[in-house]
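**Student:** Input: one structure, supplied below.
The values are calculated or read from the model by the stated rules, or taken from the named source; none is laboratory data. This one's a predicted model, so the numbers in the text were calculated from it and none came from an experiment. A quick note on method: Cβ atoms are made from the backbone with ideal geometry, for glycine too, and the neighbour counts reach across all protein chains shown.
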Amino acid sequence: MLGSLKKSWQELKQGRPGHRFQERAKKGKRERLSQSWIKRFLKPVIAIILIAGGVVLCVIPGPGMPLVVAGAALLAERSFTIARGLDWTEVKARKVLSLGKAWWRHATRTARVAAVLIGAVVIGGAGYGAYSLTFGH
């Protein structure tokens, strides 16, 4: 099971942005025909557990987003709708990241410091809010 997950990850990395999840979903559909019922059952269950764990770790301190993304990628093998959504999200995220990188390269030192401070305040506020909601303080 772990070997097939590593293979799937390598295929996703090599795929074309904006199409990689849909291509993997098509391949996954063909592969499911030859898999045992246990493997067909376990992948979506593991995906849902990863997403749930990721959501919990987003609320409490922890690396929640990577788990959510990994779970969504596993579910994308079963659903073309999820695969299309992930492909769309990937393209949009790449555009935002490239704009951010371009801004960072041309920003003054003062603007960079201000951006980091604002980001720290936002993340700290979100963390405090999550802590307050979780533990009722």
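**Student:** Specify which of the listed residues (Ile38, Ile51, Ile46) is farther than 19 Å from Thr89 by Cβ and either among the basic types (Lys, Arg) or touching a residue at least 12 places away in the same chain (Cβ under 8 Å) (or both).
**Tutor:** Working: Ile38 fails: either among the basic types (Lys, Arg) or touching a residue at least 12 places away in the same chain (Cβ under 8 Å) (or both); Ile51 fails: farther than 19 Å from Thr89 by Cβ.
Of the residues listed, the single one that is farther than 19 Å from Thr89 by Cβ and either among the basic types (Lys, Arg) or touching a residue at least 12 places away in the same chain (Cβ under 8 Å) (or both) is Ile46.
**Student:** Scan Thr89, Thr110, Thr134 and give me the residue that is under 30 Å from Ser8 (Cα atoms), among the polar types (S, T, N, Q) and either part of a helix (DSSP H, G or I) or modelled with pLDDT of 80 or more (or both).
**Tutor:** Among Thr89, Thr110, Thr134, only Thr89 is under 30 Å from Ser8 (Cα atoms), among the polar types (S, T, N, Q) and either part of a helix (DSSP H, G or I) or modelled with pLDDT of 80 or more (or both).
**Student:** Filter segment 43-58 for residues that are among the aliphatic types (A, V, I, L, M) and surrounded by 16 or more Cβ atoms within 10 Å (Cβ to Cβ); which is modelled with the lowest pLDDT? Before the answer, list the steps.
**Tutor:** In the first step, residues of segment 43-58 are kept if they are among the aliphatic types (A, V, I, L, M); the result is 45-52, 55-57.
Going one step further and asking which of them are surrounded by 16 or more Cβ atoms within 10 Å (Cβ to Cβ), we end up with 46-47, 50-51, 57.
Numbers: Ile46: 82, Ala47: 83, Leu50: 82, Ile51: 84, Leu57: 78.
Among them, the one singled out is Leu57.
**Student:** Here's another thing I want to ask about it. Which residue, of Ala102, Ala114, Ala120, is surrounded by 10 or more Cβ atoms within 10 Å (Cβ to Cβ), outside the structural domain of Cys58 (by TED's automatic domain parsing) and over 25 Å from the mean Cα position of the chain (by Cα)?
**Tutor:** Details: Ala102 fails: over 25 Å from the mean Cα position of the chain (by Cα); Ala120 fails: over 25 Å from the mean Cα position of the chain (by Cα).
Exactly one residue qualifies, and that residue is Ala114.
**Student:** Another question, then. Could you grab me the full set of residues in segment 22-42 that are in contact with a Phe, Trp or Tyr (Cβ under 9 Å, 6 or more places away or on another chain) and modelled with pLDDT of 80 or more? Reasoning before the result, please.
**Tutor:** Of segment 22-42, the ones in contact with a Phe, Trp or Tyr (Cβ under 9 Å, 6 or more places away or on another chain) are 22, 25-26, 29.
Within segment 22-42, Gln22, Ala25, Lys26 meet the criteria.
**Student:** Okay, next question. Is one or more of the residues making up segment 1-9 closer than 26 Å to Ile123 by Cβ, part of a helix (DSSP H, G or I) and either of a type in the set (A, V, I, L, M) or at pLDDT below 80 (or both)? Can you show your working first?
**Tutor:** Filtering segment 1-9 for residues closer than 26 Å to Ile123 by Cβ gives none.
No, segment 1-9 has no match at all.
**Student:** Would you please name the residue that is surrounded by the fewest Cβ atoms within 10 Å (Cβ to Cβ), looking only at residues in segment 62-92 that are without any contact (Cβ under 8 Å) to a residue 24 or more places away in the chain and either of a type in the set (Ser, Thr, Tyr) or not assigned by TED's automatic domain parsing to the domain that holds Lys26 (or both)?
**Tutor:** Here the answer is Thr81.
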